[in-house]
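Data block below; observations after.
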Amino acid sequence: PTYPKDLQEEGWPPLMYVTFLKESKRAVNSIRSLVEEEDEEDDVEKVSWSGEPVGSISWSVKETESSIRSTGEVRDQSFPKIHTAPSLPKNSSGYSLSSLFKGKAKTGSFQSFSESFGDPSIRNYAPELRKPKSEYKDYVSDWTPEETVKRMQQGKVYSLEKFRSLQDKLLLLDEAVNAHDGNVITAVLIYLKKSLSKEILFRELITREIALRHYIHYLKEIGEQKLLVELFKSMDRTEDMALMQYRDHLNVRDENKKRDFLKNCLSFPFSPDDATHVQDHYTLLERQIIIESSGQADIFKKYPRKASILNMPIITTLYYSCFYHYGESDGTFSSPANIRKTFRISDKQFLLTCLGARAKLKAWFDVDALFTTKNWLGYTKKRSPIGFHRIVDILQKNNAPVQVLQDYVNLVEDVEQKISLAQKYKCHDVIINTYRDLKDRQQLIVYRGKVERGSSEYRKIEEILSNSVRLWGEVSPRLPLLQS
Amino acid sequence: MAHSVRRDAPELPDFSLLKRLARDQLIYLLEQLPGRKDLFIEADLMSPLDRIANVTTLKQHDVDKLYKVEHKPIVSTSDQLCFLIRPRIKTVKWICDVVNADKAFGRFRRYKIIFSPQKFYACENLLEEQGIFGDVTTDEWSFYLLPLDDDIISLELPEFFRDYFLEGDQRWVRTAGSALHLLHSVYGPFSKVYGIGRCSKMAYESWREQVEEGEQRARQAEIGNVFLIDRDVDLVTPLCSQVVYEGLVDDIFRIKCGCVEFCPDVTSSDKSIKVMLNSQDKVFNEIRNEHFSQVFGFLSQKARNLQTAYDKRSGMDIKQMKTFVSEELKGLKQEHRLLSLHIGASESMMKKKTKQDFQELLKTEHSLLEGFEIRECISYIEEHINRQVSMVESMRLLCLLSLTENGLLPKDYRSLKAQFLQSYGIEHLLTFSNLKQLGLLVEQQPGETLTVMESRVGKLVNDKTAGKLTDAFSSLAKKSNFRALGRRLNLVPKSDEEYDLRVPRDMAYIFSGAYIPLSCKLIEQVLERDGWTGLEEVTRMLNGHEFAVTAGSNGSDARVKTDSQRIILVMFLGGCTFSEISALRFLGREKGLKFIVVTTAITNSARLLESMLDNHA
């Protein structure tokens, strides 16, 4: 991708913007005093009930112009009907226009209403639409499914009572689906729910995807959990059924009841992956209930908890354990090692979390131990599954002192990255030693200019520089040296 | 700023009429319940109501006390209660409880529910089931459209996205049709309608039927063309980090109904203030569409000019000073206030973004869009999750990865999902199920690796008889085909080209030159071609449902390039972002067109993803 040049070169925020910003602020501030002297009548704002200023609403509304600008000539402004549903259910009505436009609309060419007037079927249909038959009828029972749906859409009086045979009911439902109006589809479904046994309704919904989704959503909204579960079961949608039931744990407040609820969930037909997660969820809450009631008093006194550990994510629980239960034996449920093993936490994730917790407590010795490995000869070496530059970042964000930081900056492999980190965090020793090892006199001289005159860093550079001629010879080749 | 403006761009219609219509209807409805009454308002109807009326208006029509709907027992002592609500089951249930509690106490009151913008049968059925149908009268306040600015109109229905695209509930289709119908009858007649997406088609049909049901009046059209687009045609764009000023403000501070609350951090005082953000704010109006990096230079120039204007005072005599105070000072003060605000906001945003390593985040996003170094992107996302940084951000990156790569490899999917659940809570199982249902975050089907898929798409694309193979594509229903679309439409410029954000050359500037929003590119292409001809491969990859229709028998006069023909109403079903609006404004300036954006709600990545969460009871 192409970044604005300044972003690439100067990083974020680009220096230029900061300068601009400072300038603008200065200018604005310099005149602020003047502005504030004068009375600020425009600052008096009326506040409405939602706490927002209402004074700004402008009411310069012009009179309705619509009737004035009449052109006198009536154009035919009607638009053609287009094919809408992806899979139209059995269409009982003979006068759908969709077939006319199916082909052409797809190819993307314009299809004007006028062109299609050559077709007699439209001519027959058009007047019928303008004046629905229903207008002439006295008895509601005479309304066809189409008329009924139309009346429902328009908010007119209607009656569903006469749709008694299964066939009529389904015709009505299909007509509602054809009209694309979710409100009417749901209304018809409510009627079918009341007037059909659930087995029959479920059976018919299987082949009617759009109606089915409306039904599911309706049941969700009115909270008919049990019926939903039955619906999913009858359709063999077992995973949906399991998730639907699992979802209910959100409504359980008491932690012991919730734990029992989750335990009950374990037998639900989740997908294999989800089954593992739900098992974890149960185990986690079970652990949290135990952990919540344990812990040494002194550390809680020193670092009071902000919140209970109940219902927190696994990683938060691990962090908590690294914070309050560090050093407990592996067999204890609250120990970091036990949590790590139980929830199969990756090395990287474990390290990140543990590091965060121990650094927060300024337990630098623990931090050190996290990275130290011994080989078979007993030599120690520092290793990390994450780049040491990231470790430095995390330590720095936890306010690690320079003495701690520089140990880790030193472990960064890439020399350039090492120097830039060292400069960022003022680890003088690392910089000086690196330049010394690189035999880079020039950089040392430059750096001498940056440190305080007479400081220990300054003296150290002086010493190296004065010895350098003897040690490195006059012309120093830039050899990358191995680290000590 | 640096844009060349075509001078012949037509004027926008005046939408304040819509506000007046809504207000008049509300007053009429309140008068249907004569006498003093307490009014309960649904929380998310408050801001829209604020934009069209004020407390005085309501008080003038016998509204005594105002309450927010909080789903708790009420304290009102009034004999008449009026509820102004959205047609939601939850709210109606609460009202049933209120009424039935009164009944149990033997207390008599009159109740009225005003549903906005319409009522649903499911709500009325609930009233019936709870035995209060008849005790409560119901009405509809057809407040479909709220103009947020000169060129933005919102339906203020954020739930549209979840209801339609996740739940498959078409309850808002007719609402969208009615909104279109209202615009048509006030600012139409439209002469052409283009669209893409199943919901767009249905909304079009609903609108067309409503036009046929009603009477037609002949009048001079103010808006000639309409473009309807489903949000799921392009889910990538709203998931990208916004970097134009208005979008960034929305991402960080959340603009609500055209109004933003700036925290003390911005105002450099001890209190937050609410500010209207629209074209009335002269400073904002000049920076809203700019890439963030360009905003500082502009603000700094403005600040300097302002200082110069103030400095003029030094050499003035009394008379000149008087003129200065009476003529210029007020404007300068106003400008000063606005300038301080936006400088404060920019500063605060930059601080926030620097803290979250925005540059690295953008780099990852751009790599995903470009399909470059995907393994590195995955590691970045993984670490983001491991560090428990913002849950929504992690989810956003995962979805972007899935959309751009046509799904995740099964092993990546499993591992990232497991880590996500560890970091943010196992109950997000439900979120993953929703994301999968919607196609935002999916697993590649075994045996269908990216390369296989791409070669298949590639083959079909080149095949002249592709029409016969549409069936093969229906199996790709949830595939985003982003890479193939990107190549077809040149959405991702070559990475080695330098992009000058000072003089944007195309709509890609809204994403730092890295990506042209698919939604806006489609609109550009269709307008240019006057239809979908030549875009067959593209529409096939987008699952079809495209249409282009012309009105009337005398349609020939629509060819005449009147002003109304250069005003295009773009309706986003499921929400649009400020970045897309900026891109369309750019396109309008380039082509001498004016775009009016009608959206079910203003959205952004956070709103879109938060609507996928299930972790509340």
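Any idea which residue in the range B:276-312 is surrounded by the most Cβ atoms within 10 Å (Cβ to Cβ), counting only those that are facing chain A (nearest Cβ under 8 Å) and of a type in the set (A, V, I, L, M)? Working first, answer last.
In the first step, residues of the range B:276-312 are kept if they are facing chain A (nearest Cβ under 8 Å); the result is B:276, B:280, B:291, B:293, B:296-297, B:299-300, B:302-304, B:306-307, B:310.
From what is left, the residues that are of a type in the set (A, V, I, L, M) are B:276, B:299, B:303, B:306.
Details: B:M276: 19, B:L299: 28, B:A303: 26, B:L306: 19.
If we take residues in the range B:276-312 being facing chain A (nearest Cβ under 8 Å) and of a type in the set (A, V, I, L, M), then B:L299 is surrounded by the most Cβ atoms within 10 Å (Cβ to Cβ).
Could you run through the range A:449-459 and say how many residues are surrounded by 14 or more Cβ atoms within 10 Å (Cβ to Cβ) and at pLDDT 80 or above?
Going through the range A:449-459 one residue at a time, the tally reaches 1.
Here is a yes/no grid of residues against (1) in contact with a Cys (Cβ under 8 Å, 6 or more places away or on another chain); (2) of a type outside the set (K, R); (3) at pLDDT 85 or above:
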site: B:K333; (1), (2), (3): no, no, no
site: B:M350; (1), (2), (3): no, yes, yes
site: B:K355; (1), (2), (3): no, no, no
site: B:L368; (1), (2), (3): yes, yes, yes
site: B:R375; (1), (2), (3): no, no, yes
site: B:I378; (1), (2), (3): no, yes, yes
site: B:H384; (1), (2), (3): no, yes, yes
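Residues checked against (1) at pLDDT 80 or above; (2) buried (at least 17 other Cβ atoms within 10 Å of the Cβ); (3) in a helix (DSSP H, G or I):
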{"site": "A:L351", "(1), (2), (3)": "yes, yes, yes"}
{"site": "A:C354", "(1), (2), (3)": "yes, yes, yes"}
{"site": "A:R358", "(1), (2), (3)": "yes, yes, yes"}
{"site": "A:K362", "(1), (2), (3)": "yes, no, no"}
{"site": "A:D366", "(1), (2), (3)": "yes, yes, yes"}
{"site": "A:A369", "(1), (2), (3)": "yes, no, yes"}
{"site": "A:T373", "(1), (2), (3)": "no, no, no"}
{"site": "A:G378", "(1), (2), (3)": "no, no, no"}
{"site": "A:P385", "(1), (2), (3)": "yes, no, no"}
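Can you tell me which residues in the range B:42-62 are closer than 21 Å to B:W94 by Cα and either among the acidic types (D, E) or buried (at least 18 other Cβ atoms within 10 Å of the Cβ) (or both)?
Residues satisfying the conditions are B:E42, B:D44, B:L45, B:M46.
Which residue is modelled with the highest pLDDT, if the candidates are limited to the range B:198-236 and must be in contact with a strand residue (DSSP E or B) (Cβ under 9 Å, 6 or more places away or on another chain) and polar (S, T, N, Q)?
Residue satisfying both the conditions and the ranking: B:S200.
Answer yes or no as to whether B:C240 is crowded, with 22+ Cβ neighbours inside 10 Å and either out of contact with any Cys (no Cβ under 7 Å at 6 or more places or on another chain) or touching a residue at least 60 places away in the same chain (Cβ under 8 Å) (or both).
Against the criterion (crowded, with 22+ Cβ neighbours inside 10 Å and either out of contact with any Cys (no Cβ under 7 Å at 6 or more places or on another chain) or touching a residue at least 60 places away in the same chain (Cβ under 8 Å) (or both)), B:C240 qualifies.
Considering (1) modelled with pLDDT of 90 or more; (2) within 13 Å of chain A (Cβ to nearest Cβ); (3) surrounded by fewer than 20 Cβ atoms within 10 Å (Cβ to Cβ), say which one B:L39 fails and leave the rest.
(3)
For (1) touching a Gly at 6+ places or on another chain (Cβ under 6 Å); (2) under 20 Å from B:G592 (Cβ atoms), each residue gets a yes or a no:
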{"residue": "B:S519", "(1), (2)": "no, no"}
{"residue": "B:E524", "(1), (2)": "no, yes"}
{"residue": "B:T533", "(1), (2)": "yes, no"}
{"residue": "B:R540", "(1), (2)": "no, no"}
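Which condition breaks for B:G168 when tested against (1) under 27 Å from B:L440 (Cα atoms); (2) in contact (Cβ under 8 Å) with a residue 12 or more places away in the chain; (3) facing chain A (nearest Cβ under 9 Å)?
The number of the failed condition is (2).
Can you report the number of residues in the range B:203-257 which are of a type in the set (K, R) and farther than 30 Å from B:L362 by Cβ?
So the count comes out to 3.
Only one residue in A:I291, A:I299, A:I315 is more than 30 Å from A:E230 (Cα to Cα) and within 14 Å of another protein chain (Cβ to nearest Cβ), so which one is that?
One residue alone meets the criteria, A:I315.
Hey, among the residues in the range B:510-535 that are in contact with a Phe, Trp or Tyr (Cβ under 7 Å, 6 or more places away or on another chain) and part of a helix (DSSP H, G or I), which one's farthest from the other protein chains (Cβ to nearest Cβ)?
Among residues in the range B:510-535 that are in contact with a Phe, Trp or Tyr (Cβ under 7 Å, 6 or more places away or on another chain) and part of a helix (DSSP H, G or I), the one farthest from the other protein chains (Cβ to nearest Cβ) is B:I523.
Go through (1) at the interface with another protein chain (Cβ under 10 Å from one of its Cβ atoms); (2) buried (at least 19 other Cβ atoms within 10 Å of the Cβ) one by one and return the number of the condition B:H384 breaks.
Condition (1) is where B:H384 drops out.
Please go through the range B:184-224 and give me each residue that is surrounded by fewer than 21 Cβ atoms within 10 Å (Cβ to Cβ) and assigned to a helix (DSSP H, G or I), ordered by number.
B:S185, B:V186, B:Q210, B:E212, B:E213
Within the bounds of the range B:115-122, is there any residue that is assigned to a strand (DSSP E or B) and facing another protein chain (nearest Cβ under 8 Å)?
no
Within the range B:536-587, take every residue that is β-branched (V, I, T) and not in a strand (DSSP E or B) and give me the one that is modelled with the lowest pLDDT.
Applying the filter and picking the extreme gives B:V560.
More than 25 Å from the chain's Cα centre (by Cα), more than 21 Å from B:F432 (Cα to Cα) and not basic (K, R), is that true of A:I290? Break it down into steps so the answer makes sense when it comes.
Values: more than 25 Å from the chain's Cα centre (by Cα): yes; more than 21 Å from B:F432 (Cα to Cα): yes; not basic (K, R): yes.
So A:I290 passes the test.
Please identify the pairs in which a residue from the range A:370-395 that is under 17 Å from A:K360 (Cβ atoms) and basic (K, R) has its Cβ atom under 9 Å from the Cβ atom of a residue that is assigned to a loop (DSSP other than H, G, I, E, B) and at pLDDT 80 or above, counting only partners at least 6 apart or on another chain.
So the pair list comes out as A:R390/A:S384.
When only residues in the range B:47-78 that are within 9 Å of chain A (Cβ to nearest Cβ) and assigned to a helix (DSSP H, G or I) count, which is nearest to B:Q32 (Cα to Cα)?
Checked the range B:47-78; the qualifying residue nearest to B:Q32 (Cα to Cα) is B:L58.
Looking only at the range B:183-205, count every residue that is under 19 Å from the mean Cα position of the chain (by Cα) and closer than 30 Å to B:R540 by Cα and tell me the total.
7
The values are calculated or read from the model by the stated rules, or taken from the named source; none is laboratory data. Note that the structure is predicted; figures quoted are calculated from it, not measured. All Cβ positions, glycine included, derive from the backbone under ideal geometry; neighbour counts span all protein chains shown.
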